[in-house]
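Reading through the structure tokens given below for one structure.
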Amino acid sequence: MSMLHATVVTMAAGAAMLAGLATAHAAGPSGVKSVVLVHGGFADGSGWEGVYQILQRDGYDVTVVQNPTTSLADDVAFTRRAIAAAPGEVILVGHSYGGAVITEAGTDPKVAGLVYITAFALDAGESVSCLIANPPPGAPVPPILPPVDGFLLLDKAKFADSFAADVRPEQASFMAASQVPWGVAGLEGKVTAPAW
């Protein structure tokens, strides 16, 4: 199973679980009706479109954070603004690097729960960089190019196989061309107080 297929399946399962969790809470008088979705590196919030549509259709207030992916601190600040703007308590959801972001941003008192979808759940003092530094032998390694001006990109020639293997070739090509540069400061940003 490719990484993208596993991610899509996991995101769909996570969305179903999230919808079930929110439905269970919504039945009571103190139900959580707001969901904040946080994307990972090399992508933007549009990757959450399918999950957004499911949750909107089920009556939830959904915010998709457009993190700049410049640094963990910047991404946490963007996420905290989204939490503040959401009505009532929120379920905070992160995918991939977005897990690091929600781990730090989730200490906000409005956050009722965290959902990690194929995401990094870092401990205090950890960064994504330290967790991916020494992969097990034979593990797939993303084709991250050397940083340019403090930002990382994936090799466009290897993008489809590593990041978008189960989408139409035209879509994978577009995704490679439109990938969001990921700041090295985001990759190396350390969590100070994990919300979990």
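Figures for the structure shown
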item	result
Three-way shape label, the stretch 53-196, alpha-carbon gyration tensor, a/c 1.5	oblate
Nitroxide proxy distance, nm - points 7 Å out along Cα→Cβ at LEU131 and ALA193	2.1
Distant-in-sequence amide H partners of VAL62 (H built 1.01 Å from N, under 5 Å)	VAL35
Separation of the ARG57 and THR107 label points, Cα + 7 Å toward Cβ, nm	3.9
Under Karplus coefficients 6.51, -1.76 and 1.60, residue-wise ³J(HN,Hα) of the stretch 61-71 in Hz, glycine/proline x	7, 10, 10, 9, 6, 9, 4, x, 6, 8, 7
Simple label model, 7 Å out from Cα along Cβ direction - ALA124 to ALA84, nm	2.5
Cross-link reach list, lysines versus LYS190, counting only Cα pairs under 29 Å and skipping chain neighbours closer than eight places	LYS110, LYS156, LYS158
ASP166 long-range amide H proximity, modeled H, under 5 Å	LEU4, HIS5
Ascending count of other beta-carbon atoms within 10 Å, so fewest first, for LEU187, LEU131, LEU92	LEU131, LEU187, LEU92
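Bear in mind these aren't lab numbers, they're just calculated from the coordinates by the rules spelled out. Not measured: the values here are computed from a predicted model. Every residue, glycine among them, receives a Cβ derived from its backbone with ideal geometry; neighbour counts consider all protein chains shown.
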